[in-house]
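Everything on this sheet refers to the single structure shown next.
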Amino acid sequence: MPSPDLQESLEKIRPTLLRFAMLQLRNEAAAEDVVQETLLAALEGKSAFSGRSQLKTWAVSILRNKIVDHLRRGSREGTLPIVDEQGDEDFDALFDGTGHWQEAPGDWGDPAVVLEQRGFYEVLELCMKALPEQVARVFTMREVLGFETEEICKELKLSSSNCWVVLYRARMRLRECLQLRWFDAR
């Protein structure tokens, strides 16, 4: 039987795990499922936790694996939608005829300092939630879960060029959102 301290500690970080899962999966039931699987795996695998990292870090790494498993199951079952290629005109308007910015992005300063600022991650989370679901899924698989582009294409049945377009859109929308909600707001 797991120690009461471990159960209590895991219960304290459960909201963080759930928020992370919701951001990745955008489905409350699926997020609950992967978090429950994560907590169960953590309780069953207590001996694997050496204490070299924080419990939260260890639990999030288990959660990431559970999310990857969930996404793979979904792609095999054909439940993941294919991303369409509409909306390029929104991004084309950001650039002039030579491919340069119509309006140069503002100075974001030192990224390491920004990441340490209170509230940045809340704004980033809001910006991620504002992305269309399929765009967020591709971006998350690549930048958060560490999938290779070829693997994303295989899992989501996307062409390589479509995947790169989706990643481009995600980065552009996040850049624009962070500029408006964080950098310009300071």
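The values are calculated or read from the model by the stated rules, or taken from the named source; none is laboratory data. This structure is a prediction, so every number in the text was calculated from the model and none was measured. Reconstructed Cβ throughout: ideal geometry from the backbone, glycine too, with neighbour counts over all protein chains shown. All accessible areas refer to the heavy atoms of the entire protein, side chains included, with ligands and DNA or RNA removed. Shrake-Rupley method; radii C 1.70, N 1.55, O 1.52, S 1.80 Å.
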Selected residue (criterion: surrounded by the most Cβ atoms within 10 Å (Cβ to Cβ)) from residues of the range 139-186 that are among the basic types (Lys, Arg) and under 23 Å from Arg73 (Cβ atoms):
Arg142
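One line per residue, one yes/no per condition, for (1) modelled with pLDDT of 85 or more; (2) in contact with a Leu (Cβ under 9 Å, 6 or more places away or on another chain); (3) in a loop (DSSP other than H, G, I, E, B); (4) open to solvent by 50 Å² or more (accessible area, probe 1.4 Å):
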site	(1), (2), (3), (4)
Pro2	no, yes, yes, no
Asp5	no, no, no, yes
Arg52	no, no, yes, yes
Val60	yes, yes, no, no
Arg64	yes, yes, no, yes
